[in-house]
Amino acid sequence: MADRVTVIGWDGSPLTAAARSALGAATLVAGAAHHLALPEVPPAAERIRLGSLALAARRIAAHRGTAVVLADGDPGFFGVVRTLRVPEFGLEVEVVPAVSSVAAAFARAGMPWDDAEVVVAHRRTLRRAVNVCRAHTKVAVLTSPGAGPAELGLLLEGVHRTFVVCEELGTDREQVSVVTSDKAADHTWRDPNVVIAIGGSAGPVGAGESGWIAGRDPGTGPRGWALPAEAYGGDLGESESELLRAAQLARLGPRVGDLVWDIGCGSGAFAVDAARAGAAVIAVDRDRAACARTDACGRHYGVQLQIVHGTAPHVLEDLPEPDVVRVGGGGAAVVSAVADRRPQRIVTHAMTRDAAELVGRDLTEHGYRVECALLQSVELDTRAWTETERSVAFLLSGVLPDRSA
């Protein structure tokens, strides 16, 4: 095992005395090509070009001597420290941090970033990173080859964002560009880069106000998982009752990084409920008045909604792949078309048992594990404890067994 492992963050500024001392004593140095070219790297030290972090960690663990790992920015923030600390390698590390690339990017843009979401985009997580950009007004994206500004812009089709692209921060080739998301694919970008995605309607916290938690404040807006009809102007449709929406939300479990389709969005009640959970939402309805009402509802609660006017299932063909879907209208044909897209979970409702059986059989044939429950709710006037309203619906949910997480 290496006698000592020091991880040094580098942000382009001169190395600190502690970093120079550790590097001068190193018998093994690991880093990217531009790190290994630093004049402070001892000529006699073994050099490892960082590619696979796990492979590098194994070589460091087997080394007898003093090892140094160089990394851009703060190595403890989405960096190499996490891999080096995995128990299988048995490494104890000392860390000399530097300014993180995210902090540097926001500094170049002259913006605060305590209210920003921070995500990492590579080929496996690109969709989820894009969904966070859809759902939030300020997002920093740590990119990678094949998951950079161009790919982000292409997948954000239909959603306008402004990109602040910071290339090769801390080097003499550093460049900061501002483009709209739809133009990002027209450029060739240099790695590494950080993208700040900005746009959408402002949330409940006003300009100049200071928050109390980094990223999205989970405590803003009214309390509750499914807001009552009065919160949406009252007079909601049968598919939007408070208890039915609560049950649908419980079945779908929308979360940060998800893309939710709300088909037959009506007043926008379910779409807003899902967006308040942090998910990206595309709300679809064939009625222009419903689309306008949903848009106004989203703006009122400071959540980001993409509104699509059109008739399902045809309008669904060009939409990006969903993670979970609520079908509030359209019946069995729409549910079947949604199941063809293979989201993890689907919820819908039916007013009769025959209709529920039809939808349930179709979901089963598509490979979904189906559950159905008869929901009955009775509202009482508590002044006289008399019944004021009664509703009954069959709640259907489908889960793909191989994508149930």
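The values are calculated or read from the model by the stated rules, or taken from the named source; none is laboratory data. Only a predicted model underlies this, so the values are computations on that prediction, with no experimental measurement involved. For neighbour counting, all protein chains shown are included, and Cβ atoms are generated from backbone atoms with ideal geometry for every residue, glycine included. We work out accessible area using only protein heavy atoms, side chains counted, and drop any ligands, DNA or RNA first. Shrake-Rupley method; radii C 1.70, N 1.55, O 1.52, S 1.80 Å.
Calculate, for D340 and F77, the FRET efficiency according to 1/(1 + (r/R0)^6) with r their C-beta to C-beta distance and R0 35 Å; round to the nearest 0.05. Spell out each step's value before the answer.
Numbers: r = 41 Å, r/R0 = 1.16.
That pair, D340 with F77, gives E of 0.30.
Taking the Cα centre of the chain as origin and charging only Cβ (+1 Lys, Arg; -1 Asp, Glu), how large is the dipole, in debye to the nearest 20?
On the way: 40 positive and 49 negative charges, 209 e Å.
It comes to approximately 1000 debye.
What share of the DSSP beta bridges in the chain is antiparallel, in percent to the nearest 5? Provide the component values of the computation, followed by the final result.
Values: 37 of 77 bridges.
Looking only at bridges with both residues in the chain, the antiparallel portion is about 50 percent.
Take each of the peptides 154-165, 383-394, average the number of other beta-carbon atoms within 10 Å over its residues, and list them starting from the highest. Kindly include the intermediate steps, with their values, before the conclusion.
On the way: 154-165: 18.2, 383-394: 11.4.
Put in order of decreasing packing, that is 154-165, 383-394.
Amide H to amide H, which residues 5 or more places from A30 or on other chains are under 5 Å from it, using H placed in the peptide plane?
I48, V68, V69, L70
Percent of accessible area on the stretch 1-127 owned by carbon and sulfur, 1.4 Å probe?
Details: 3600 of 6520 Å².
So the carbon and sulfur contribution to the accessible surface is 55 percent.
Taking 22 Å as R0, compute the FRET efficiency from the Cβ-Cβ separation of A373 and A229 and round it to 0.05.
On the way: r = 22 Å, r/R0 = 0.99.
Efficiency, rounded to the nearest 0.05: 0.50.
Would any residue of the stretch 87-122 have its amide N under 14 Å from a label point 7 Å out along Cα→Cβ of R58? List them or say none.
In the stretch 87-122, the label zone of R58 (backbone N under 14 Å from the point 7 Å along Cα→Cβ) covers 88-90.
Skip the ligands, DNA and RNA, and give the accessible area per residue of the chain with a 1.4 Å probe, whole Å². Provide the component values of the computation, followed by the final result.
Details: 19760 Å² over 405 residues.
Averaged over the residues of the chain, the accessible area is 49 Å².
Can you work out the PRE-style zone for K183? Point 7 Å along Cα to Cβ, and I want the residues of the stretch 138-166 with backbone N under 13 Å.
Hits in the stretch 138-166 for K183 at 13 Å: 161-165.
Go through 214-227, 285-298, 262-275 and give me the packing order, highest mean Cβ count within 10 Å leading.
Working: 214-227: 13.8, 285-298: 18.4, 262-275: 27.7.
Ranking, from highest mean packing down: 262-275, 285-298, 214-227.
What is the percent of Cα-Cα separations in the stretch 8-152 that go past 22 Å?
Details: 4734 of 10440 pairs.
Cα-Cα pairs of the stretch 8-152 separated by over 22 Å account for 45 percent.
Could you order the peptides 327-334, 174-181 from most to least packed, using the average number of other C-beta atoms within 10 Å per residue?
Numbers: 327-334: 20.0, 174-181: 15.4.
Per-residue Cβ counts within 10 Å, averaged per peptide and sorted highest first, yield 327-334, 174-181.
Computed FRET efficiency, Cβ-Cβ of A289 and A44, R0 56 Å: what is it to the nearest 0.05?
Numbers: r = 75 Å, r/R0 = 1.35.
That gives a FRET efficiency of 0.15.
How big is the stretch 279-405 by Rg and Dmax over its Cα atoms, in Å?
16.7, 52
Which label marks the calculated value of Rg/Rh (Cα atoms, Kirkwood Rh), given the options [x] 1.10; [y] 1.05; [z] 1.08?
Read-out taken from this structure: [z].
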